[in-house]
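Structure, as structure tokens:
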Amino acid sequence: MTIAETVETQTQDIKPPVTHVGILGWMRGNLFNGALNSILTIVTMYLLWKVVPPLIRWAFIDSVWHTTGKACRHAAGACWSVVWDNVRFILFGFYPFDSQWRPLAAMLLLFGLLFYSQNRKHWKKHLIYVWILGLFVMGLLMKGGLFGLSSVESTKWSGLPLTLLLSIFGLTAAYPLGVILALGRRSKLPTMRWLSIVYIEMIRGVPLISLLFMSAIIFPLFLPEGITINKILRAQIAIILFTAAYIAEVVRGGLQAMSRGQYEAAESMGLNYFQTMRLIILPQALKIVIPPTVSILISAFKDTSLVVIIALWDLLKTTQSVLANPEWMGFSPEAYIFVALLYFAGCFSMSGYSRKLERELSAGEQQ
Amino acid sequence: MKEKQPEKIPFWLDPRKRAIIYQIAVFCVVGLILYYLVSNTIVNLKKQSIATGFGFLHKESSFEIGESLIPYSAASTYGRALLVGALNTLKVSFIGIVVTLVLGTIVGIARLSTNWLVSKLAGIFIEVMQDIPVLLQLFFWYAIFYESLPSPRQALSPISGLILSNRGIAFAVPAANPAHKYMILFFLVACALSYFLRRWARRRQEKTGKYFPTFRVSIALIIGFPLVIWLIFGAPTKMDVPKLVGFNFKGGLTFSPEFVALLLGLALYTSAFVAEVVRAGIQSVSRGQREAAMAIGLRPSLVLNLVILPQALRVIIPPLTSQMLNLTKNSSLAIAIGFPDFVSVANTCINQTGESIEGVALIMALYLIFSLSTSAFMNWYNKKAALVER
């Protein structure tokens with residue numbers, strides 16, 4: 001054996017101690033590093049062991065899935081039948097039973113569009129046309145009345161489509177309004193500035209519920225006699241007015257982050273105010289604030305659930321009306337968990353997307 | 001010639017004049033819209049013969065309110081009913097804020113723990129709570145209380161003195177004793193003393209560099225003063241234990257299921273956001289700060305007190321206050337589960353009197369007062385805490 005071989009075998013033989021690699025090493029580093037952490041781990045494990053197995057037992061092992069309400073009462077675990085038996089009412093509400101493929105198709109189209117637009121490579125002008133076309137097709141599917149689709153009154157729109165409608169249109173309409181308000185707040189003209197400040201601070205100071213009350217009770221008084229506006233649309237206006245104030249604050253953050261040089265450069269090129277904003281400032285400022293805008297979208301999506309208080313038939317209200325049925329009374333936790341999962345799926349994917357976008361955008365900045 | 005040059009510019013090309021024209025135009029448009037809405041409203045109100053004005057506040061309300069901090073009956077006025085509602089809003093917000101701060105701080109610190117399990121659990125908690133609408137959470141907790149807990153007769157009692165039933169949570173509290181008044185008084189005195197002590201210690205340390213253990217002395221004062229009073233009064237230990245009388249609990253302290261569900265929902269939801277704020281604040285203090293503080297020989301408690309916290313708090317406090325404000329605003333969702341907060345009481349008033357504009361205006365005014373006073377505090381704090389750069 002040459003010296004070189006000896007050295008080689010020795011280096012191969014010497015391995016890190018078993019307590020520093022593999023699962024043991026990981027556990028040592030992450031769970032039992034120090035006395036306090038070891039105690040914390042043991043206590044947490046004990047609590048998890050106390051809580052998780054019974055919960056799994058309740059939710060999966062002892063649960064029933066396809067029974068009547070009566071049979072449910074004898075089950076030891078969760079009664080998921082309350083969801084499966086009523087899933088079409090929970091999701092689509094009063095939409096005519098035979099036509100419920102239409103809201104389903106509209107929602108699938110919406111998800112498809114969202115999925116398509118999440119890729120930044122597709123952020124080009126054609127995307128706007130794709131969306132306009134998509135929204136038109138969705139509206140057609142929901143409303144009907146053309147191409148042999150039977151017409152469905154908007155008062156019958158309920159459940160998940162209504163929730164999505166309120167949040168999507170709420171945000172798309174609130175966005176331009178919010179940008180205008182943000183520009184107004186940063187404006188040098190005192191009238192514009194003060195009107196914007198008063199609006200933004202007033203709206204942000206009151207809860208959404210007070211605006212929804214206003215839309216439900218007071219708004220009809222604002223209109224001249226003979227003109228009535230559909231309840232859904234009124235709630236939609238309230239949500240738009242509310243969301244716009246929050247978007248305005250986010251956009252203002254982006255405007256403030258722009259350096260003075262950008263304004264001065266634009267001015268020295270002879271651009272007027274509108275050109276400066278449209279061509280120089282807004283494209284940059286709005287890009288910075290994409291992540292916080294997504295979190296506004298998330299809270300707008302969550303906030304649509306408040307329309308239940310003014311008795312609009314959104315996802316939460318259809319669920320509640322199922323639970324008011326004597327057959328299914330008392331199974332609220334199961335039904336609410338189902339609705340919570342839907343909301344969670346929506347919000348979680350949006351917040352995950354926002355994080356991904358933040359990484360990509362900040363990576364782009366560094367290059 | 002030179003003097004006349006400005007006159008050549010037509011007024012629509014002069015930025016200053018143009019600005020005035022724009023402003024007048026916007027002002028007129030907004031004014032016209034407002035005028036249109038108001039005039040329509042006046043016509044409609046007349047046509048539907050709805051009373052206007054705040055006169056209804058002095059009329060008899062003739063409805064009951066489930067829980068109240070002040071004496072109230074159906075014979076009281078609407079004004080008093082609204083006051084009850086406002087106090088209930090304050091009560092749930094105040095307790096909610098305290099619970100949220102404690103829970104949020106714990107979760108935020110747990111998120112940063114080097115313990116993988118604890119950190120992941122905190123992460124899951126934050127994500128789940130943030131992604132479920134608070135209203136849904138309220139319904140969920142209310143359903144748990146109302147449907148899953150037994151009736152008072154079969155009430156659960158996990159530990160003696162605590163009773164869980166679908167009528168709410170009942171606690172045993174120390175029986176009323178004259179000592180309590182003095183204990184509270186001396187507790188407040190001790191708080192005030194600690195405040196002055198802290199100021200004095202700061203000033204002395206800046207002057208002489210001598211360190212005074214403010215924290216430990218304050219804790220001793222705050223616990224010691226009431227304890228001494230308690231001992232002077234002969235250490236009364238009699239407890240007021242809730243007992244089942246008829247269908248409800250008498251004695252002790254009872255929280256209604258509506259209140260507990262509201263508190264639980266608001267606190268859990270907001271604490272997830274507070275946890276993120278706390279985490280971001282602590283992470284904002286760079287590692288070097290801690291290492292430098294340790295290098296100059298400060299003890300760990302002093303590192304935290306003098307170096308980390310003052311810098312972290314500057315980042316934490318502004319978003320924290322807005323979360324507290326959010327909690328207060330979200331407490332308006334109480335109406336959905338039937339807790340008589342301000343919005344809920346105002347809604348009942350609207351339904352009874354038909355004076356919807358006044359009712360909604362009152363709701364908005366109350367919350368505007370909250371938020372404006374919060375932002376006044378924020379401005380004061382920002383000025384005080386602004387980084388003094390040298």
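Extent along the principal axes, Cα only, for segment A:107-230: 52, 46, 24 Å, with the longest axis given first.
What number does segment B:1-126 give for Rg over Rh if you use C-alpha atoms and the Kirkwood radius?
Values: Rg = 29.8 Å, Rh = 22.2 Å.
Here Rg/Rh amounts to 1.34.
Classify segment B:275-363 as rounded, prolate or oblate, taking a ≥ b ≥ c as the square roots of the eigenvalues of its Cα gyration tensor: rounded when a/c is under 1.5, otherwise prolate if a/b is larger than b/c and oblate if not. Display every interim value, and only then the final one.
Details: a/c = 5.34, a/b = 4.67, b/c = 1.14.
Prolate.
Between B:Val173 and B:Asp240, B:Gly252, B:Leu253, the built amide H atoms are under 5 Å apart, and every one of these is 5 or more places off in sequence or on another chain.
At a Förster distance of 51 Å, what's the computed FRET efficiency of A:Glu360 paired with A:Lys156, Cβ-Cβ distance as r, to 0.05? The partial results should precede the final answer.
Values: r = 41 Å, r/R0 = 0.81.
According to the calculation, E is roughly 0.80.
Computed from the Cα positions only, the extents of chain B along the three principal axes stand at 94, 68, 44 Å, in decreasing order. Of the residues B:Lys238, B:Lys207, B:Lys250, the one that moves most in a GNM of chain B with alpha-carbon contacts below 10 Å is B:Lys207.
Counting partner chain Cβ atoms within 10 Å of every residue's Cβ in B:372-382, what's the average? Don't skip to the end; give the middle numbers.
Details: counts 3, 0, 1, 3, 0, 0, 0, 0, 0, 0, 0.
Whole-number average of other-chain Cβ neighbours for B:372-382 is 1.
Helices meeting the span-like rule in chain A (full DSSP H runs, Cα extent of at least 30 Å along the helix axis, mean Kyte-Doolittle score of -1.0 or higher): A:35-56, A:160-185, A:231-257, A:332-366. Using only alpha carbons, the protein assembly as shown has a radius of gyration to Kirkwood radius ratio (Rg to Rh) of 1.00. Along segment B:90-95 the Karplus relation, 6.51 cos²θ - 1.76 cosθ + 1.60 evaluated at θ = phi - 60°, assigns HN-Hα couplings of 4, 4, 5, 5, 5, 5 Hz to successive residues, with x for each Gly and Pro. Between B:Lys383 and A:Ile61, the FRET efficiency from the beta-carbon distance, with R0 = 60 Å, is close to 0.50.
Remark on the protein assembly as shown: A:Cys347, B:Cys28, B:Cys191, B:Cys349 stand apart, with no other cysteine beta carbon under 4.7 Å.
Listed highest first by mean packing, meaning other Cβ atoms within 10 Å per residue, what order do A:314-320, A:133-139 come in? Provide the component values of the computation, followed by the final result.
Values: A:314-320: 25.0, A:133-139: 15.1.
Peptide ranking by packing, descending: A:314-320, A:133-139.
Quarter the surface of the alpha carbon convex hull of segment B:14-59 and you get the mean projected area, 4.6 square nanometres. For the pair A:Leu24 and A:Trp49 in one chain, pulling the backbone fully straight at 0.36 nm per residue adds 6.9 nm over the alpha carbon distance. Both chains summed, the buried accessible area for B and A stands near 4700 Å², from protein heavy atoms and a 1.4 Å probe. Close amide H partners of B:Thr77, meaning residues 5 or more places away or on another chain with modelled amide H under 5 Å apart, are B:Ser61.
Listed highest first by mean packing, meaning other Cβ atoms within 10 Å per residue, what order do B:358-369, A:107-118 come in? Present the calculation step by step, with values, prior to reporting the outcome.
Details: B:358-369: 19.9, A:107-118: 14.4.
Output ranking for B:358-369, A:107-118: B:358-369, A:107-118.
Give the relative contact order (percent, whole number) for chain B; include only Cα pairs under 8 Å separated by 6+ residues. Let's see the in-between values first.
Details: 431 pairs, mean separation 84.5, N = 390.
The normalised contact order for chain B reaches 22 percent.
For the protein assembly as shown, the solvent-accessible area of protein heavy atoms averages 56 Å² per residue (probe radius 1.4 Å; ligands and nucleic acids excluded). First compute the accessible area of the protein assembly as shown with a 1.4 Å probe, then give the percent of it belonging to carbon and sulfur atoms. Of all accessible area on the protein assembly as shown, carbon and sulfur atoms account for 68 percent. Counting charges near A:Gly184 (Lys, Arg +1; Asp, Glu -1) among other residues having Cβ under 14 Å from its Cβ returns a value of +3. Over all distinct Cα-Cα pairs of segment B:156-247, the Kirkwood formula returns a hydrodynamic radius of 16.3 Å. Working from Cα pairs under 8 Å separated by at least six residues, relative contact order for segment A:217-352 is 22 percent. With a Förster radius of 25 Å applied to the beta-carbon distance between A:Ser295 and A:Met202, the computed FRET efficiency rounds to 0.70.
The values are calculated or read from the model by the stated rules, or taken from the named source; none is laboratory data. Treat the numbers as computed from the prediction; the structure is a model and nothing was measured. In this analysis, Cβ positions are derived from the backbone assuming ideal geometry, glycine residues included, and neighbour counts consider all displayed protein chains. Heavy atoms of the whole protein, side chains included, go into the accessibility calculation; ligands, DNA and RNA do not. Shrake-Rupley method; radii C 1.70, N 1.55, O 1.52, S 1.80 Å.
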